[in-house]
Amino acid sequence: MKQRNLRLGKNCFYCDETTVLRETKFGHIYECPKCKAYVSVNKKTKEPLGSVADSDLRRKRRIAHYYTNLLIKRKMNRDNLTYDKAKEKLYFWLSKNIGLDFYIKSIAQLFPKETEKIINIMSKYVKR
C-alpha cells in the first residue's frame, strides 16, 4: 500500500510525508509540506496525476514526454493506430523494458530512476 501511495502522490517520494491538497494560481496540487515537492491533480476529481516530483524529476519527465510523443506519433503513422492505442502499446512495452510488474498509464507515475531508464531507452529509438 505504501508503494501505491507514493505512486499516487499521497505520500512524498523524497521524505515520506503525507502530501496536502492546496490551491495555487495555476490550480490545485498535492504538495509535500516538508520538502515542497508536488504533483498536479485532475481538475474534476482532485486526484493526483502521479507521484510528487522535485524540479529535477519534473525536468526529466518533460524530456520523457517529448520522447514518448515522438514515438507515439511514429507508431500511429507506421501501424495506422489511434493516439490512445499507440500510447497504450508504447507504455506497455516501456513498462516491461524497465522491469515494472505493472503497466504504467502515465509518465507521472514513474520515480526518478525509472524515468531515467525510459529516457535512455527512448532516446535510442528517436535517434534512428
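The values are calculated or read from the model by the stated rules, or taken from the named source; none is laboratory data. Everything numeric in this text was worked out from a predicted model, so none of it was measured. Neighbour counts are summed over all protein chains in view; Cβ atoms, including those assigned to glycine, are modelled from backbone coordinates with ideal geometry.
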Query - Qualifying position, being touching a residue at least 40 places away in the same chain (Cβ under 8 Å), of a type in the set (D, E, K, R) and touching a helix residue (DSSP H, G or I) at 6+ places or on another chain (Cβ under 7 Å), among Lys87, Lys60, Lys105, Lys75 - result: Lys60
Query raised in the report: So is Lys75 assigned by TED's automatic domain parsing to the domain that holds Leu6 and either within 19 Å of Leu8 (Cα to Cα) or not β-branched (Val, Ile, Thr) (or both) or not?
Result: no
Requested in this report: Please state which of the following conditions Leu81 fails to meet, knowing it meets all the rest: (1) part of a loop (DSSP other than H, G, I, E, B); (2) closer than 23 Å to Thr115 by Cβ; (3) in the same structural domain as Ile118 (by TED's automatic domain parsing).
Outcome: (2)
Query raised in the report: Got a number for residues in region 103-128 being aromatic (Phe, Trp, Tyr) and surrounded by 14 or more Cβ atoms within 10 Å (Cβ to Cβ)?
Result: 1
Query raised in the report: Take the residues of region 7-53 that are surrounded by 15 or more Cβ atoms within 10 Å (Cβ to Cβ) and among the aliphatic types (A, V, I, L, M): which is farthest from Leu110 (Cα to Cα)?
Result: Ile29
Requested in this report: Test Ala108 against the criterion of being among the hydrophobic types (A, V, I, L, M, F, W, C), assigned to a helix (DSSP H, G or I) and under 13 Å from the mean Cα position of the chain (by Cα), and give yes or no.
Outcome: yes
Query raised in the report: Can we say Leu100 is crowded, with 19+ Cβ neighbours inside 10 Å, modelled with pLDDT under 95 and closer than 20 Å to Tyr125 by Cβ?
Result: no
